[in-house]
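Report on the structure given below.
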Amino acid sequence: MRQVERIVAAALAGVVVSGAAAQKVQWRTEDGGNGHWYEAVSFKGDVLSWEDSQSRAEEIGGHLATFTSEAETFGYLSADPDVNLSEAWIGLFQNFAAPDFQEPGGGWEWVTEEPLDWTNWDSNEPSNSTNNEFGGEHWGTLRINFGTRGAWNDYVPDFAGGARNGYIIEWSADCNGDGIVD
């Protein structure tokens, strides 16, 4: 029954769930989405930095997810309600070379270079807590089952000792870059 509930929730959100127990979900263009696919990946005991997570996503043809609207964020979260992550890396980072760089809120960019026109920072975020060995928090997370669901947090480059336990990969539906959804 649980899988049926996921499929119904996904259909209502305009997202397709692939496979009986898969975590891959699609935000379909015919439902107002971008046609992209998303997958939540648990560290399963490993501790991966933001950079390592982005590298793993790129190795399989994707990138850390870029949630550029409320509809995209909550479309994904409602389509994958059983995602078993507390907080996950997303493709948001602070570019120290950006003309608008300043702490804590300047210079934030998506890995895809999409415009950062919409933000969803949790209350009091980004905070750039400098009370850590890394000198600040310059990498973005999505809060899923920790804090405010769907809100963003800035964090240090790895999750050692924290509630963060995974990352979200995004793939374009145009896998070969020819402008046609594959």
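The values are calculated or read from the model by the stated rules, or taken from the named source; none is laboratory data. Predicted model, so just to flag it, every value in this text is computed and none were measured. Note: ideal-geometry Cβ built from the backbone for every residue, glycine included; neighbour counts use all protein chains shown. The area values use the complete protein model at the heavy-atom level, side chains included, leaving out ligands, DNA and RNA. Shrake-Rupley method; radii C 1.70, N 1.55, O 1.52, S 1.80 Å.
Below is a table of values for the structure above.
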read-out	value
Some residue of segment 34-56 being modelled with pLDDT under 90, under 18 Å from the mean Cα position of the chain (by Cα), more than 30 Å from residue 138 (Cβ to Cβ) and open to solvent by 20 Å² or more (accessible area, probe 1.4 Å)	no
Odd one out for residue 112, checked against (1) modelled with pLDDT under 90; (2) under 25 Å from residue 34 (Cβ atoms); (3) open to solvent by 20 Å² or more (accessible area, probe 1.4 Å)	(1)
Search result, residues across segment 29-45 that are touching a residue at least 40 places away in the same chain (Cβ under 8 Å) and of a type in the set (Gly, Ala, Ser)	33, 35, 40, 42
Test set (1) at pLDDT 90 or above; (2) out of contact with any Phe, Trp or Tyr (no Cβ under 6 Å at 6 or more places or on another chain); (3) among the hydroxyl-bearing types (Ser, Thr, Tyr); (4) under 22 Å from residue 148 (Cβ atoms) - residue 78 fails condition number	(1)
Strands (runs of 3 or more DSSP E) wholly inside segment 59-148 containing at least 1 residues that are in contact with a strand residue (DSSP E or B) (Cβ under 8 Å, 6 or more places away or on another chain) and over 26 Å from residue 23 (Cα atoms)	87-94, 108-110
Flag if residue 130 is modelled with pLDDT of 85 or more and closer than 16 Å to residue 153 by Cα	no
Residue match in segment 65-82 (condition: touching a residue at least 12 places away in the same chain (Cβ under 8 Å), under 14 Å from residue 142 (Cβ atoms), charged (D, E, K, R) and surrounded by fewer than 18 Cβ atoms within 10 Å (Cβ to Cβ))	yes
Total residues in segment 149-167, condition out of contact with any Phe, Trp or Tyr (no Cβ under 6 Å at 6 or more places or on another chain) and either part of a strand (DSSP E or B) or modelled with pLDDT under 65 (or both)	7
